[in-house]
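All remarks here apply to the structure that follows.
The values are calculated or read from the model by the stated rules, or taken from the named source; none is laboratory data. Since the model is a prediction, treat every value here as computed from it, not as a measurement. Here the Cβ positions follow ideal geometry from the backbone for every residue, glycine too, while neighbour counts run over all protein chains shown.
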Amino acid sequence: MSNIRQVSGDERLHTAFTLYPYAFDKTPAADAAGELRDSLRFHEGNHTLVVEEGGRTLATASGIPTHQNLRGSVVRMAGIAWVATHPDARRQGHSSRLMHRLHRDMLDTGHLLAALYPFHPSFYEKLGYVGLLLNRTVTLSPQGLAPLLNVALPGEVRRQDIRDGFEVYRAFQRRLLSERHGFMFTPDYRAARILDPADRWLATATVDGEVAGLLTYYIDGYGGCLHADELLYTSALGRALLLRFLAQHAYQVSQVTITVAPDEFPETWAPSLAVRTVTEASFPTSPPLMGRLLSMDALQGVRCGPGRVEIEAVGDQLLAGRYLLDGTGGSIDVAAAGRGGEKATLTAAGLCALAYGVLDPLDVVARGLGEMSQGAVVQLRELLPRRAPHAFGKG
Ligand SMILES: CC(C)(COP(=O)(O)OP(=O)(O)OC[C@H]1O[C@@H](n2cnc3c(N)ncnc32)[C@H](O)[C@@H]1OP(=O)(O)O)[C@@H](O)C(=O)NCCC(=O)NCCS
């Protein structure tokens with residue numbers, strides 16, 4: 001008979017970690033044990049669960065205590081990771097059981113949302129998750145940004161080693177957490193992974209002494225490519241300063257790649273800019289983030305439009321019930337529903353799609369994630385208008 005228990009500290013090495021090399025690494029991984037021991041500190045605060053039978057670890061899953069912005073509210077979120085089952089024990093329901101337990105445990109410690117990068121979406125859709133939007137990869141030649149060199153911009157860009165700028169980097173991420181819908185902020189022990197190895201430069205744009213944008217990146221060689229991570233900024237000026245900084249690499253590198261938000265339009269960055277903007281979802285290598293509510297409390301007080309609607313959440317242990325969502329005061333009030341009024345019946349994934357703003361109510365119906373009256377469509381569209389979550393802050 002198998003049982004689920006939590007493991008922590010060094011104990012992870014001979015339990016959960018025994019499943020990681022086969023599930024996630026290339027074969028053979030001769031020094032996997034040493035690498036895993038070195039990475040132990042990056043798991044320090046994770047909530048790690050294992051399924052055991054006769055002293056043998058059959059499956060594992062972890063929750064990382066993270067924060068995420070949901071339509072302007074900062075909410076505690078469980079970042080689900082390291083989900084793996086021993087090949088001999090797959091398709092016996094171990095991961096599903098672990099996920100249900102992990103949801104409960106993380107909810108008990110105040111996490112109202114959960115998010116993960118799926119190996120295969122249908123597995124997690126059954127567990128209440130919905131796919132969010134994929135960030136885009138922009139490829140351009142730095143010469144294309146040269147017109148920005150002639151624009152007088154107030155402010156400056158400073159380059160430093162990520163080790164020296166780590167505090168600035170984290171402070172700016174924390175600020176974006178409070179400002180950008182979808183933004184995630186991982187705990188310090190996990191964010192510290194960027195320092196090991198510290199193979200990134202940090203470019204920081206400041207205006208009037210205040211950080212307005214930043215970019216981590218590395219250069220793969222003379223005449224090669226400047227690989228930038230996420231383009232993070234709080235104003236158009238911050239973005240322009242960073243792009244002008246990239247223009248200064250013309251004839252040093254031939255190409256620049258940058259990750260940008262789904263609603264970014266790089267073709268507007270400079271006149272006649274030749275640019276390729278790509279989004280490619282593939283599984284398991286390039287999946288869009290998936291997210292879900294672990295509790296209706298995640299929606300309480302969230303900024304919204306003036307809709308008012310009754311919903312019934314079905315097929316989910318954590319969310320099932322009838323609720324009245326009232327946004328007439330400018331933020332959502334979640335109350336137990338009475339009878340009557342415009343009503344929508346939603347699966348957990350359908351409800352989460354509306355909460356994150358990735359689907360319109362009619363898309364929810366078209367995807368088979370709910371049923372609703374025409375009146376409920378109108379109310380839900382008003383209450384939870386579509387928005388593009390910026391799933392940045394992977395850390
Ligand atoms: C993905 C993985 C963790 C699944 O573990 P598992 O213990 O076999 O999962 P379960 O037995 O709980 O399966 C639950 C459901 O998902 C389905 N499922 C399992 N593996 C699947 C797969 N590869 N593709 C699609 N569906 C799958 C099962 O059929 C089952 O469906 P059902 O409830 O309708 O019967 C395991 O295959 C694994 O370790 N893979 C390699 C590492 C990995 O990809 N991890 C996930 C990172 S997000």
> Which pairs do you get when a residue that is of a type in the set (A, V, I, L, M, F, W, C), found in segment 72-96, comes within reach of a residue that is within 6 Å of the ligand (Cβ to nearest atom) and part of a helix (DSSP H, G or I), reach meaning Cβ atoms under 9 angstrom, with the pair 6+ apart or on two chains?
Replying inline: Trp82/Ala23; Val83/Ala23; Val83/Ser95; Ala84/Ala23; Ala84/Ser95
> So which pairs qualify, if the first residue must be in segment 215-242 and at pLDDT 95 or above, the second must be among the hydroxyl-bearing types (Ser, Thr, Tyr) and assigned to a loop (DSSP other than H, G, I, E, B), the Cβ gap must be under 8 Å, and the two must be at least 6 apart or on different chains?
Replying inline: Gly223/Ser254; Gly224/Ser254; Cys225/Ser254
>> Looking for something in contact with a helix residue (DSSP H, G or I) (Cβ under 6 Å, 6 or more places away or on another chain), surrounded by fewer than 20 Cβ atoms within 10 Å (Cβ to Cβ) and in the same structural domain as Gln255 (by TED's automatic domain parsing) - is there at least one such residue anywhere in segment 177-188?
In response: no
>> Please count how many residues of segment 302-316 are part of a loop (DSSP other than H, G, I, E, B) and loosely packed, with under 14 Cβ neighbours inside 10 Å.
In response: 1
> Residues that are within 16 Å of the ligand (Cβ to nearest atom) and of a type in the set (D, E, K, R): which helices (runs of 4 or more DSSP H) entirely in segment 89-192 hold 2 or more of them?
Replying inline: 94-108
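Per-residue answers, yes or no, for (1) outside any helix (DSSP H, G or I); (2) surrounded by fewer than 19 Cβ atoms within 10 Å (Cβ to Cβ):
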site: Arg12; (1), (2): no, no
site: Thr27; (1), (2): yes, yes
site: Ala33; (1), (2): no, yes
site: Asp38; (1), (2): no, yes
site: Arg41; (1), (2): no, yes
site: Leu49; (1), (2): yes, no
site: Leu58; (1), (2): yes, no
site: Ala61; (1), (2): yes, no
> What do you reckon, is Leu299 in contact with a His (Cβ under 6 Å, 6 or more places away or on another chain), more than 29 Å from Leu214 (Cα to Cα), surrounded by 15 or more Cβ atoms within 10 Å (Cβ to Cβ) and at pLDDT 95 or above?
Replying inline: no
> For segment 349-368, does any single residue satisfy the condition of being surrounded by 14 or more Cβ atoms within 10 Å (Cβ to Cβ), in contact with a strand residue (DSSP E or B) (Cβ under 7 Å, 6 or more places away or on another chain), in a loop (DSSP other than H, G, I, E, B) and of a type in the set (D, E, K, R)?
Replying inline: no
> Can you name the residue in segment 317-335 that is touching a residue at least 40 places away in the same chain (Cβ under 8 Å) and not in a strand (DSSP E or B) and is also farthest from the chain's Cα centre (by Cα) among such residues?
Replying inline: Gly327
> Could you list, in sequence order, the residues of segment 14-25 that are part of a loop (DSSP other than H, G, I, E, B) and without any contact (Cβ under 8 Å) to a residue 24 or more places away in the chain?
Replying inline: Asp25
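Which of the residues spanning segment 64-106 are among the hydroxyl-bearing types (Ser, Thr, Tyr) and either assigned by TED's automatic domain parsing to the domain that holds Ala355 or buried (at least 18 other Cβ atoms within 10 Å of the Cβ) (or both)?
Those that are among the hydroxyl-bearing types (Ser, Thr, Tyr) and either assigned by TED's automatic domain parsing to the domain that holds Ala355 or buried (at least 18 other Cβ atoms within 10 Å of the Cβ) (or both): Thr66, Ser73, Thr85, Ser95.
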> How many residues are within 12 Å of the ligand (Cβ to nearest atom), over 14 Å from Ala114 (Cα atoms) and polar (S, T, N, Q) if we restrict to segment 58-83?
Replying inline: 1
> Hey, any hits in segment 283-290 for a residue that's in contact with a strand residue (DSSP E or B) (Cβ under 9 Å, 6 or more places away or on another chain), touching a residue at least 40 places away in the same chain (Cβ under 8 Å), crowded, with 20+ Cβ neighbours inside 10 Å and under 23 Å from Met372 (Cβ atoms)?
Replying inline: yes
